[in-house]
């Protein structure tokens with residue numbers, strides 16, 4: 001897998017330098033940010049599962065649960081349903 005360390009650092013610093021300004025992200029930009037977050041979250045969850053020597057069935061359950069909880073969190077606080085792709089085109 002390709003590393004995006006420098007690109008992510010540039011993007012993160014750009015967000016941090018907006019000091020108090022609302023970024024006015026479109027739904028598409030929000031989804032792109034969410035995809036980056038989900039990839040990072042799943043990567044760290046995998047590390048945690050390895051550390052705990054979790055079996056495959058429990059890994060799958062944890063991943064599904066994480067996705068469902070994340071979807072609920074996003075819908076609760078933004079009103080957006082990540083399963084409705086047309087909202088993000």
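Every number here is computed from the coordinates shown, using simple stated rules; none is lab data. Since we're looking at a predicted model, the values are computed, not measured. Please note: Cβ atoms are built from the backbone with ideal geometry, for glycine as well, and neighbour counts cover all protein chains shown.
The convex hull built on the alpha-carbon positions of the chain has an orientation-averaged projected area of 7.6 nm².
Here the label points at residue 77 and residue 47, each 7 Å from Cα along the C-beta direction, are separated by 2.2 nm in the simple model. Distance from the alpha carbon centroid of region 1-46 to that of region 65-80 works out to 17 angstrom.
Could you work out how far helix 27-51 tilts from the main Cα principal axis of the chain, as a 0 to 90 degree angle to the nearest 10? Rounded to the nearest ten degrees, it is 30. Seen against the Cα atoms of the chain and their longest principal axis, helix 5-16 is set at about 50 degrees. Angle, helix 56-78 long axis vs. longest principal axis of the chain, Cα atoms, 0 to 90°, nearest 10? Between the helix axis and the principal axis of the chain, the angle is about 20 degrees.
Using just its DSSP H runs of length 4 or more, each adding -39500 (n - 2.57), the chain gives a mean residue ellipticity at 222 nm of -23000 deg cm²/dmol after division by all residues.
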